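The values are calculated or read from the model by the stated rules, or taken from the named source; none is laboratory data. Small disclaimer: the values here were computed from a predicted structure and weren't measured. So basically every Cβ, Gly included, is an ideal-geometry build from the backbone, and we count neighbours across all protein chains shown.
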Amino acid sequence: MSDHSTHHHEHDHSHDDHHGCDGHSHTHSHSHAHGHHHVPKSFGTAFAVGITLNLIYVIAEAAWGFWGNSLALLADAGHNLSDILALACAWIAAILGQKKPTDNFTYGYRRTSILASLTNAVILLIVTGGIILEAIERIFHPAPVAGWTVIIVAAIGVVVNGVTAMMFASGHKEDLNIKGAFLHMAYDALLSLGVVITGIIILFTNFNLLDPIISLVVSIVIIMGTWSLLKDSVTLAVDGVPTNINRKNVEQYLRALPSIVDLHDLHIWAMSTTETALTVHLVSNVDHRLDDFLSVTSQQLKDQFKIGHTTIQIELQHEAEICLLAHAETV
């Protein structure tokens, strides 16, 4: 995620400050820095190929299930429909995130990527819960595992889901929305691989109990990996500080700036799964224009902390006391 440029708008003015000092008129410097990003790396081809491959696979799997009278294949075909839903959800969010802002949606639809990652985390956990329940049922009521048909179909699933996961691998660390799609595909490939391995072992040993045991082990791995996706998605959804940013480090950086003696109203939140915003009131002991200071500070926040959208308000010490008093009166 890179930027064409960062534009700063700084001005000194006197007005009623609505950022936290309502009713108190004073002069301050106010900077808005907006990183104008390149369009985030497009995964449109990956989404299109992934959805197409999975749709073909689901149709083939359902057909084999009817032909072979295999309830397991039919159930897995239904499960794989959730993958198509997950990919479609993530793709729609990625498309909406690139839409231009409107009068009513002044940030555009960037936050749909957060909702998509949260939805995919929930879907993964629900589907995994269903697998766990089925595995527990089979432990107490063992059922014969289908033969080579299931193994072959599962092997195809390893390829389909594995290839799709690889197409999302390059973006899963930077974008939670892409991570959700990646995890769906990667974990399905893992499940299918488990079916292949256990199927072959059971064919030669008749140890049918191995099937639910492996399913439980894989399910636990999926839950452990999905939990971080769920936690991070919830954090972003409720405007928490993104997990890749240490708020204390940002505050220490701001407090160490020249002429800054204090700060308050520091807020850091995610605008999308790839963009972060910051607002802060900095208290200065220097009464002069701070254009260069604001520009450099905003650029450093972008370079050091990946915060591309900053709004910085500069207050003189006596103004800050009025501002804090206003806060105290409104509590």
* To do: State which residue pairs qualify: first residue assigned by TED's automatic domain parsing to the domain that holds residue 129 and under 15 Å from residue 133 (Cα atoms) and inside segment 206-223, second residue surrounded by 16 or more Cβ atoms within 10 Å (Cβ to Cβ) and of a type in the set (Ser, Thr, Tyr) in any location, beta carbons under 8 Å apart, and separation of 6 or more residues or different chains.
  => 211/198; 214/198; 218/187; 219/128; 222/128; 222/187; 223/128
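Evaluate segment 302-310: report whether one residue or more is of a type in the set (Asp, Glu) and either modelled with pLDDT of 90 or more or closer than 30 Å to residue 174 by Cβ (or both).
Filtering segment 302-310 for residues of a type in the set (Asp, Glu) gives 303.
With either modelled with pLDDT of 90 or more or closer than 30 Å to residue 174 by Cβ (or both) added as a condition, the list becomes 303.
Checked segment 302-310: at least one residue is of a type in the set (Asp, Glu) and either modelled with pLDDT of 90 or more or closer than 30 Å to residue 174 by Cβ (or both).
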* Might you check whether a residue that is out of contact with any His (no Cβ under 9 Å at 6 or more places or on another chain), assigned to a helix (DSSP H, G or I) and assigned by TED's automatic domain parsing to the domain that holds residue 203 occurs anywhere in segment 173-183? => yes
* To do: State which residue pairs qualify: first residue without any contact (Cβ under 8 Å) to a residue 24 or more places away in the chain and inside segment 52-67, second residue loosely packed, with under 12 Cβ neighbours inside 10 Å in any location, beta carbons under 9 Å apart, and separation of 6 or more residues or different chains.
  => 65/71
* Asked: Has segment 149-169 got any residue that is without any contact (Cβ under 8 Å) to a residue 24 or more places away in the chain and under 22 Å from the mean Cα position of the chain (by Cα)?
  -> yes
* Go through 119, 102, 149 for me and flag whichever is in a loop (DSSP other than H, G, I, E, B) and either β-branched (Val, Ile, Thr) or assigned by TED's automatic domain parsing to the domain that holds residue 208 (or both). => 102
* To do: Run down 135, 143, 88 and say which single residue is surrounded by fewer than 20 Cβ atoms within 10 Å (Cβ to Cβ), modelled with pLDDT of 90 or more and small (Gly, Ala, Ser).
  => 88
* Could you list, in sequence order, all residues of segment 32-60 that are among the hydroxyl-bearing types (Ser, Thr, Tyr) and either modelled with pLDDT under 50 or part of a helix (DSSP H, G or I) (or both)? => 45, 52, 57
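From the list 63, 94, which residue is within 30 Å of residue 276 (Cβ to Cβ) and in a helix (DSSP H, G or I)?
Working: 63 fails: within 30 Å of residue 276 (Cβ to Cβ).
Criteria check complete, one pass: 94.
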* Structure fact -> Going through segment 228-266 in order, the residues found to be out of contact with any helix residue (DSSP H, G or I) (no Cβ under 8 Å at 6 or more places or on another chain) and either of a type in the set (Lys, Arg) or under 30 Å from residue 138 (Cβ atoms) (or both) are 228, 231, 247, 248, 255
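Name the residues in segment 103-118 that are surrounded by fewer than 19 Cβ atoms within 10 Å (Cβ to Cβ) and in contact (Cβ under 8 Å) with a residue 40 or more places away in the chain, would you? Explain how you work it out, then say what you get.
Pass one, segment 103-118, residues surrounded by fewer than 19 Cβ atoms within 10 Å (Cβ to Cβ): 103-108, 115.
Residues satisfying the conditions are 107, 115.
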* **strands (runs of 3 or more DSSP E) completely within segment 205-316 that count 3 or more residues being more than 22 Å from the chain's Cα centre (by Cα) and surrounded by 19 or more Cβ atoms within 10 Å (Cβ to Cβ)** => 276-284, 309-316
* Search result, residues across segment 66-91 that are of a type outside the set (Gly, Ala, Ser) and outside any helix (DSSP H, G or I) -> 69
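Is it true that residue 289 is among the basic types (Lys, Arg), at pLDDT 90 or above and farther than 25 Å from residue 232 by Cα?
Values: among the basic types (Lys, Arg): yes; at pLDDT 90 or above: no; farther than 25 Å from residue 232 by Cα: yes.
So residue 289 fails the test.
Among the listed residues 135, 154, identify the single one that is in contact with a Pro (Cβ under 7 Å, 6 or more places away or on another chain) and part of a helix (DSSP H, G or I). Show your work before the answer.
Numbers: 154 fails: in contact with a Pro (Cβ under 7 Å, 6 or more places away or on another chain).
Just one listed residue meets the conditions, 135.
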